[in-house]
1. With 10 angstrom as the radius, rank Phe119, Phe138, Phe29 by how many other C-beta atoms surround their C-beta, starting from the fewest.
2. To test your reading of the geometry: what angle, between 0 and 90 degrees and rounded to tens, separates the Cα axis of helix 68-80 from the longest principal axis of the chain?
3. Give the value in nm², to one decimal: projected area of the alpha carbon convex hull of the chain, averaged over all directions.
4. Given springs between every Cα pair under 10 Å in a Gaussian network model of the chain, which of Arg99, Arg34, Arg116 has the largest fluctuation?
5. Step through the residues of region 85-90 one at a time and calculate ³J(HN,Hα) from phi using the Karplus curve (6.51 cos²θ - 1.76 cosθ + 1.60, θ = phi - 60°), rounding each to whole Hz and writing x for Gly and Pro.
6. Picking from Ala22, Ala94, Ala38, which is most flexible by a Gaussian network model of the chain using Cα springs under 10 Å?
7. Which log10 I(q)/I(0) values, to two decimals, does region 38-112 give at q = 0.18, 0.21, 0.23 Å⁻¹ under the Debye formula with one point per Cα?
8. Build a GNM of the chain with springs between Cα atoms under 10 Å: which of Ala133, Ala48, Ala97 gets the top mean-square fluctuation?
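Any read-out appearing in this document is the output of simple, stated calculations on the displayed coordinates, not a laboratory observation. Because the structure is a prediction, the values reported are computed rather than measured. Please note: Cβ atoms are built from the backbone with ideal geometry, for glycine as well, and neighbour counts cover all protein chains shown.
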Amino acid sequence: MPKLAILYPVFALALWTGLVLAQIPLARFRAAARREVAASDFKYGESAAVPAHVSIPNRNYMNLLELPVLFYVACLLVYVTDGASIALVALAWAYVALRVLHSLIHLSYNHVYHRRMTFAASNLVLITLWLLAAMHVFTQAPA
């Protein structure tokens, strides 16, 4: 397995995060054009006057900046310790796929049960990724 293989899912999730970020101004500008919001509704973040369909992209973006930080750290740890195995890379791609699916559910029909299940599954994958990364690190011979 090439050492760089563990970084491809990192770039994919970063790209996805950027695409979700781009949805925030689009939703806000559309809402402003429809006179659903005013600039003052965003003075201190998002006020209670901001409709849910406008605030969901921002909430999803924040989700992509919370637990995925642990994903990025785990992948970098695997990279710097030359631990990119087929299992770890597959887990990293599974995590990205589940986070993208979570976003798609959140940004479209937003069924809470479906969203929760994909979120929980992604967390299980992340825990497994960390456990395998830790096993790799702790089984290495001391330098």
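1. Phe138, Phe29, Phe119
2. The answer is roughly 30 degrees.
3. 9.9
4. Judging by the Gaussian network model, the answer is Arg34.
5. Karplus-based 3J(HN,Hα) across region 85-90 equals 9, 4, 5, 5, 5, 4 Hz.
6. Ala38
7. -0.80, -0.94, -1.03
8. Ala48
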